[in-house]
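The values are calculated or read from the model by the stated rules, or taken from the named source; none is laboratory data. For clarity, every value in this text was computed on a predicted model and none was experimentally measured. Heads up, the Cβs are rebuilt from the backbone with ideal geometry, glycines too, and the neighbour counts pull from every protein chain shown. Please note that ligands, DNA and RNA were not included when accessible areas were found on the heavy atoms of the full protein model with its side chains. Shrake-Rupley method; radii C 1.70, N 1.55, O 1.52, S 1.80 Å.
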Amino acid sequence: NVTRTGGTGPPVAHGANQVSNATTDASGEATVPRIVVGNYRLRLSAPGYKPVTRQIIIVEGENSENVSLTPILADLVVSVRSSAGDAATGGAAVRNAEVNVTGERGGGSGTTSERGTVRIRGLRAGVYQVEASAERFLPGEAEATVRVGSPTATEPLVNNVTVRLAPAPVSLTLR
């Protein structure tokens with residue numbers, strides 16, 4: 001939205017300061033017609049992005065303002081566990097498992113720690129496929145929905161998902 005912050009020019013109707021709202025087109029451009037010369041506050045926001053507010057000065061003729069929005073990012077902690085074991089313990093942590101996270105909006109990869117976890121940083125909101133593999137286990141996968149926090153949060157929101165790996169079959173030859 002565009003808000004009048006001072007300067008000369010006709011008063012804004014009904015004493016309101018808000019002058020205009022505009023929505024971007026498919027190319028990310030928006031036009032705000034019929035704005036008079038003066039000082040304004042430009043506020044841009046979009047779901048999944050941090051809002052931007054800046055002061056602008058409108059002069060006679062055509063005016064243009066380029067603004068970049070920063071996506072809100074989140075982290076995904078992937079726990080890799082063995083499917084062997086009882087339900088109470090949830091299976092043992094699988095160390096050194098290779099983890100791949102993929103989605104339409106990005107992804108990442110890493111190796112699990114001694115605790116069987118790896119943190120994938122900097123993901124945008126969306127649905128991701130999580131695949132894990134480790135020696136002596138069959139590969140496993142899970143789906144994770146990553147949600148992002150508030151645009152004003154100082155730390156990224158942490159999402160969690162668990163991938164269970166079944167022990168690989170063992171063969172034994174007796175002679």
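Just by accessible area at a 1.4 angstrom probe, what is the order of Ser45, Ser79 from largest to smallest? Walk me through the intermediate numbers first.
Working: Ser45 80, Ser79 30 Å².
Output order, biggest surface exposure first: Ser45, Ser79.
Leaving ligands, DNA and RNA out of it, report the carbon-plus-sulfur percent of the accessible area of the chain at a 1.4 Å probe.
Details: 5720 of 11800 Å².
Ligands and nucleic acids excluded, carbon and sulfur give 48 percent.
Could you tell me the relative contact order of the chain? Use alpha-carbon pairs under 8 Å, at least six residues apart, and round to a whole percent. Could the numbers behind the result be given before it?
Details: 389 pairs, mean separation 32.2, N = 175.
Here the relative contact order equals 18 percent.
Hey, with R₀ at 22 Å, roughly what FRET efficiency would Thr111 and Ala168 work out to, going by the Cβ-Cβ distance, to 0.05?
Numbers: r = 19 Å, r/R0 = 0.85.
The value I calculate is 0.75.
Which value, in Å² rounded to 10, gives the accessible area of Arg119 with a 1.4 Å probe and all protein chains present?
Ignoring ligands and nucleic acids, Arg119 comes out at about 100 Å².
In the chain, once you exclude exposed GluC sites (Glu not before Pro) (DSSP loop, at most 14 other Cβ within 10 angstrom), what's the longest stretch remaining?
Details: sites that count: Glu29, Glu60, Glu62, Glu65, Glu104, Glu114, Glu135.
Longest gap between qualifying sites, sites excluded: 136-175.
Of Val118, Val163, Val32, which has the largest mean-square fluctuation in a 10 Å C-alpha GNM of the chain?
Of Val118, Val163, Val32, the Gaussian network model singles out Val32 as fluctuating most.
Report the residue, chosen from Gly140, Gly61, Gly106, that carries the largest GNM mean-square fluctuation when the chain is represented by alpha-carbon nodes joined by springs under 10 Å.
Comparing Gly140, Gly61, Gly106 in a Gaussian network model of the chain, the most mobile one is Gly61.
Please report how far the C-alpha centroid of the range 49-65 lies from that of the range 107-175, rounded to the nearest whole angstrom.
Taking the Cα centre of each part, the range 49-65 and the range 107-175 sit 43 Å apart.
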